[in-house]
Amino acid sequence: MKFFWDEMLAPPSFQEYFSHCMPPRTRAMDEVSVERLIKEYQDKGQMDNEDPALLMLKKWPSAKQFTENSDKLPGLEQLINRLLEILLESELNSDNRYEKVRDKEDKQKRTLLHYVAELGFLHVTKAIVKKCPGLLALKTIEPKRNRALLPVELALQKENDEVVAYLIRMMWHERAQKLFSWIPGNMEKPQPSFFSFKSVIENPKMKKTVMAMLDQMVNPHWPYLPQRKESYDTDEEEEGVEGAWNTITDDPLDYHLHYHILDGDEGGCPPCFKISGEHQPRDNEYFNWKDKSCLHLIAKSHNKEALQHPVVRMLIKTKWKNYGHLFLSLQAAFYVIFLFFLSCSLLHASTRKDATQYYDAADSLRGFCEIVTLLFVVLYVCEEVNQMRM
């Protein structure tokens, strides 16, 4: 009895829920179904286009009963999730075979994760990433006119918010940031980011993606560990570097906050950048100062969670210390000067019978105050018009 309640009170994952709460008969039927799919696949000569996993993710969702009635898709997702979980634990996935499987009939040679990311099946995505994490970094084969895409990029194109948010959180921080960062290259012809974080912020359907991306701008920092790479020259190097990273605790010595995406223009180009060996950052001549920054868009949005995020708050605090406090102090000082000249001109004019006449030096001084006051009024009107345009 104690074991039963311990299992019920523990927060199970989706897969654990089905393995514990699903009736044994259904689990057994699912295992029989998977065995039948594997047998058909083997009987047909193990042809790639008949692979059970590809069959489930490619052909089943395109069936007429699901394309004409999208309400049935959640039920299909649950079915695929159960069967695929069993399939990934079967002998067919020995040596993580599905980390290398591609759809050879597809022009882009998509993987399992590409298909499920396009479908927007969150629980199936989690099951695949758990068993085959290497699929996160596999791109499609680059076609002639388009670029090769990661699974998360296909999900971004389909606006599958939950799937995108999950995949971003599963990626390395640097790789996730590259999704919305410019491509400087050799600085001769820098390219804008393929996806704009600005468009994600403006899309009300993508709030979870915004939060996931903000989380990936907070990088835990361990100064004494070797630098991780996307690819290694030798197996020994990979084993040494990754082995060192696998020994770290969940309590880092420091955190690095990255603001270049929030401060950048629409193409992900930052206003300044650092060059190795130089202490001071350089101004970026390719930065489009006319574009509104992502921080500006978050401030104008109704996403309160994003506004309260530590990265956003720290960037605002940094800007306040660097120039915000000084700028507002100058504005307050100019406003006091404006009130001073306005008061002098009005008080002196109230003592004259005809305020339109200027006879002596005091009247001339009043006229000077009126001119300064009018200049301030013109400046304030222009500032208000500019604020309305923003």
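Each value in this text was obtained by applying a stated rule to the coordinates, not by laboratory testing. Keep in mind the model is a prediction, meaning the values are calculated, not measured. Cβ placement follows ideal geometry from the backbone for every residue including glycine, while neighbour counts extend to all protein chains displayed.
In table form, for the structure just shown:
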{"read-out": "Sparse-neighbourhood loop sites, trypsin sites (Lys or Arg not before Pro) in the stretch 26-99 - DSSP loop, at most 15 other Cβ within 10 angstrom", "value": "Lys44"}
{"read-out": "Additional length obtainable on full extension of the chain from His296 to Glu31, 0.36 nm per residue less Cα span", "value": "90.1 nm"}
{"read-out": "Paramagnetic reach from Glu305 (point 7 Å along Cα→Cβ, amide N under 17 Å) across the stretch 171-208", "value": "200-208"}
{"read-out": "Nearest 10 degrees, 0 to 90: helix 325-350 Cα axis against the chain principal axis", "value": "30 degrees"}
{"read-out": "Pair Tyr380, Val241: separation of 7 Å Cα→Cβ label points (nm)", "value": "6.0 nm"}
{"read-out": "Degrees between helix 73-88 axis and first principal axis of the chain (Cα, 0 to 90, nearest 10)", "value": "60 degrees"}
{"read-out": "3J(HN,Hα) from dihedral phi, the stretch 168-184, Karplus parametrisation 6.51/-1.76/1.60, rounded to Hz, x for glycine, proline", "value": "4, 5, 7, 8, 4, 4, 5, 5, 5, 5, 5, 4, 10, 10, 5, 10, x"}
{"read-out": "Ala332 paired with Lys64, simple spin-label distance in nm, labels 7 Å along Cα-to-beta-carbon", "value": "7.3 nm"}
{"read-out": "Separation of the Ile183 and Asp360 label points, Cα + 7 Å toward Cβ, nm", "value": "7.7 nm"}
{"read-out": "Degrees, to the nearest 10: 122-131 long Cα axis against longest axis of the chain", "value": "70 degrees"}
{"read-out": "Overall dimensions of the stretch 334-389 as given by Cα atoms, namely Rg and Dmax in Å", "value": "13.4, 44"}
{"read-out": "Loop-resident sites, the stretch 89-176, for chymotrypsin sites (Phe, Trp or Tyr not before Pro), counting at most 16 other Cβ within 10 Å (DSSP)", "value": "Trp172"}
{"read-out": "Computed over the stretch 112-241, Kirkwood Rh from alpha-carbon pairs, angstrom", "value": "16.0 Å"}
{"read-out": "Low-density loop positions, GluC sites (Glu not before Pro), the stretch 41-117 - DSSP coil, at most 14 other Cβ in 10 Å", "value": "Glu68, Glu89, Glu105"}
{"read-out": "Solution diffusion estimate, µm²/s, Stokes-Einstein, the chain, Kirkwood Rh from C-alpha pairs, 20 °C, viscosity 1.002 mPa s", "value": "82 µm²/s"}
